[in-house]
Amino acid sequence: MGKVLLLLGLSFYTSVSIANADGPDFFRVSSENSIQMFEKMKTNSKLVLLVPPDTNGIKNLGCTGGATLQAWQKMTEQEREASKNKAWCNVGVQGKTGWVLSKYLSEGNRISETPSFNCYTAHPHEIEILICGNTELILLDNQLWSVYQGAISKAKAMTKGPEDAVKDLKQKQIAWMKNRNECWKEIGAKLTCSINIYKKQIEALQRYQTK
């Protein structure tokens, strides 16, 4: 039983005091809510952006402020709880850098795939940040882009009103993107909302091509 408690304690320690080791090359957001990335190691400093839950591929640029394992083992529960807000990590998210509390991070991995848009020049909308940091959404985004281009090609090949058909498709796609971005309002379900809305649009465009 003692060994189990020790292992659980060490697991807890590594999640909140990662600042004292080199740490992983990449993080993911382990919080159920979006986390704040600040310009400085202060919660009252300028907010750089919000990083949604399920975002992966966050570059570790260095952490500081965490307790050593030896010090942590001697802490009371109250002291350990207080130490959570002292460990910060400097991170890179899609071309932007800033500081986040390490308690909201866990080990992640590099994401080599890219979506149909440029993550480094796109507006840092919260859902776009999630897409760029989630492999499943990246694959869905690329699939959507492919079927959308197929729908545009079909519209252009129409014998009657091809220009109006193309214009209609483009307007609907813009409306869809605005609707997709509304997923940031879904507390605790941003990823699920985004996945569902991508799948529905892919199906709609596929039906369009088979008419």
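The values are calculated or read from the model by the stated rules, or taken from the named source; none is laboratory data. Since we're looking at a predicted model, the values are computed, not measured. No Cβ is skipped: glycine too gets one built from the backbone with ideal geometry, and neighbour counts run over all protein chains shown.
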Checklist entry - Hey, Ile138 hits all of (1) within 13 Å of Asn60 (Cα to Cα); (2) in a helix (DSSP H, G or I) but one; which does it fall short on? => result (1)
Checklist entry - When you look at Gln173, is it part of a helix (DSSP H, G or I) and either loosely packed, with under 15 Cβ neighbours inside 10 Å or small (Gly, Ala, Ser) (or both), yes or no? => result no
Checklist entry - Does segment 180-192 hold any residues that are surrounded by fewer than 17 Cβ atoms within 10 Å (Cβ to Cβ) and part of a helix (DSSP H, G or I), and which are they? => result Asn181, Glu182, Lys185, Thr192
Item to check | Odd one out for Tyr120 among (1) of a type in the set (Phe, Trp, Tyr); (2) touching a Gly at 6+ places or on another chain (Cβ under 9 Å); (3) crowded, with 17+ Cβ neighbours inside 10 Å | outcome: (3)
Next on the checklist: Looking at segment 144-170, I want the residues that are not assigned by TED's automatic domain parsing to the domain that holds Tyr198 and have a partner that is assigned to a helix (DSSP H, G or I) and surrounded by 12 or more Cβ atoms within 10 Å (Cβ to Cβ) with Cβ atoms under 9 Å, at least 6 apart or on another chain. Which pairs are those?
Outcome noted: none
Item to check | Hey, Ser106 touching a residue at least 12 places away in the same chain (Cβ under 8 Å) and in a loop (DSSP other than H, G, I, E, B) or not | outcome: no
Next on the checklist: So for segment 83-93 (the condition being assigned by TED's automatic domain parsing to the domain that holds Gly57, surrounded by fewer than 20 Cβ atoms within 10 Å (Cβ to Cβ) and among the basic types (Lys, Arg)), does at least one residue qualify?
Outcome noted: yes
Next on the checklist: Tell me whether segment 177-186 contains one or more residues that are in contact with a His (Cβ under 8 Å, 6 or more places away or on another chain) and modelled with pLDDT under 95.
Outcome noted: yes
Item to check | Condition met for Lys170 (among the basic types (Lys, Arg) and under 19 Å from the mean Cα position of the chain (by Cα)) | outcome: no
Checklist outcome for this item: All-but-one check, Pro124 against (1) under 28 Å from Thr64 (Cα atoms); (2) assigned to a helix (DSSP H, G or I), failing number (2)
Checklist outcome for this item: When segment 50-78 is checked residue by residue, the ones that are touching a Gly at 6+ places or on another chain (Cβ under 9 Å) and crowded, with 17+ Cβ neighbours inside 10 Å are Val51, Pro52, Pro53, Asp54, Thr55, Asn56, Gly57, Ile58, Asn60, Cys63, Trp72
